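Asker: Below is the structure I would like to discuss, written out as structure tokens.
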Amino acid sequence: MKALRLLLLILCLLPVPAAALAQPPEKLTVLLDWFVNPDHAPLFVAKELGLFTKHGLAVELIAPSNPNDPAKLVAAGKADLAVSYQHQHQMQIDQGLPLIRVATLVATPLNSLVVLADSGIESIGDLRGKTIGYSVGGFETVLLKAMLAEAGLALSDVQLVNVNFSLSPSLLSGKVDGVIGAFRNFELNQLDLEGRPGRAFFVEEHGVPAYDELIVVAHRDQVDRPALRAFVDAVEEGVQYLINHPEASWHLFVQGERQELDDELNRRAWRDTLPRFALRPGALDQARYLRFARFLEQEQIIKPAPPLAQWAIELH
């Protein structure tokens, strides 16, 4: 009996193999806002470098079949995280969805008003009597309204045409004189590649408060999960590598099933998006968020917003 007890004591004192102590990675499903594109670079670089694994996560990045669904699926508990837009997030909070911003991917507006460089339109004031195309009513027309007001114009001074998502083709065909909702990292490059360079008027320089273009949202009831902070930390390491090694990161991005993205348009968009990624994805500028919320309130896009802590936080 004494010998058995001694053997058990010795076994208890032996070091436990690391593999036996290792916990299985926690799974996180992340829904993108759109098809995979350079705006999502920090996520894919972090995944390809194994940074999610390093932080104990198994992250699945999924492009949605319907871009209107990702945040709603998170609100319904059918996904862990979703890539969204700051204005869309605030509108969904206004609708009562239990969502909260936990990180930022693209920390500046990408939205812009674009005309052809040879159109003769050199200022916002030159848009009087012109035709402006848009894709999504509501927010885009509010942006246009604010920009026109800077030049003493109103929406009634232009003709609005819904061109769906055919922004560049509508400009090139002459259907419209300008488009609102054009992403400066894509549409400008697309026009240039067609041999018809564009001129962009940036929303944040014409009466619209600066905002985050792409953010990451979670369900409000899940903010205490350590996995969410681990996700943000991994994305931060990914964006640091991305900024330090842009060419190596590009090759990580366009490998495997994403090889079809290896073209001139995406390479140019990659270059133009690099300086716009949030270097501290988890950081939250509270005054900036509140300022943009007040803008949406004044434009009657949302009702007065609830306390900021209910819809945008910095994870700890």
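Asker: In terms of the ratio Rg/(2.2 N^0.38 Å) built on C-alpha atoms, what value belongs to the stretch 118-245?
Answerer: Dividing the Cα radius of gyration by 2.2 N^0.38 Å gives 1.34.
Asker: While we're on this one: With a probe of 1.4 Å, find how much accessible area the stretch 163-316 has per residue, and write the answer as a whole number in Å².
Answerer: Dividing the accessible area of the stretch 163-316 by its residue count gives 48 Å².
Asker: Over the stretch 176-316, how many percent of alpha carbon pairs lie in each 10 Å bin up to the one with the longest distance?
Answerer: 9, 29, 33, 24, 5, 0
Asker: Using 0.36 nm per residue, how much length does the chain from Glu60 to Arg196 gain when fully extended, once their Cα-Cα distance is taken away?
Answerer: 45.1 nm
Asker: Same structure, new question: Report, to the nearest whole %, how much of the accessible area of the stretch 16-98 belongs to carbon and sulfur atoms, 1.4 Å probe, protein only. Could the numbers behind the result be given before it?
Answerer: Values: 2150 of 3870 Å².
Roughly 56 percent, rounded to a whole number.
Asker: Let me ask you something else. Sort largest first and round to whole Å: the equivalent ellipsoid semi-axes of the stretch 238-316, each the square root of five times a Cα gyration tensor eigenvalue.
Answerer: 35, 16, 11
Asker: OK, next. Project the alpha carbons of the stretch 185-236 onto their principal axes and report the range along each, largest first, in whole Å.
Answerer: Principal extents (Cα only, largest first): 50, 28, 18 Å.
Asker: Report relative contact order for the chain in percent, whole number only (criteria: Cα-Cα under 8 Å, sequence separation at least 6).
Answerer: Relative contact order here is 27 percent.
Asker: Follow-up question, since we're still on this one. How large is the translational diffusion coefficient of the chain in µm² per second when you combine the Kirkwood radius over alpha carbon pairs with Stokes-Einstein at 20 °C and 1.002 mPa s? Before the final figure, lay out each step's value.
Answerer: Values: Rh = 21.4 Å.
Once the numbers are plugged in, D ends up at 100 µm²/s.
Asker: State log₁₀ I(q)/I(0) for the stretch 55-112 at q = 0.14, 0.21, 0.28 Å⁻¹ as given by the Debye formula over alpha-carbon point scatterers of equal weight, solvent excluded.
Answerer: -0.43, -0.93, -1.35
Asker: Here is a further query. Treating the angle as unsigned and between 0 and 90°, give the value, to the nearest 10°, between the Cα long axis of helix 139-150 and the longest Cα principal axis of the chain.
Answerer: Approximately 50 degrees, to the nearest ten.
Asker: Of the residues Gln95, Gln298, Gln23, which exhibits the maximal mean-square fluctuation in a Gaussian network model of the chain defined by a 10 Å Cα contact cut-off?
Answerer: Gln23
The values are calculated or read from the model by the stated rules, or taken from the named source; none is laboratory data. Treat the numbers as computed from the prediction; the structure is a model and nothing was measured. For the accessible areas, the whole protein counts, side chains as well, though only heavy atoms, and no ligand, DNA or RNA atoms are used. Shrake-Rupley method; radii C 1.70, N 1.55, O 1.52, S 1.80 Å.
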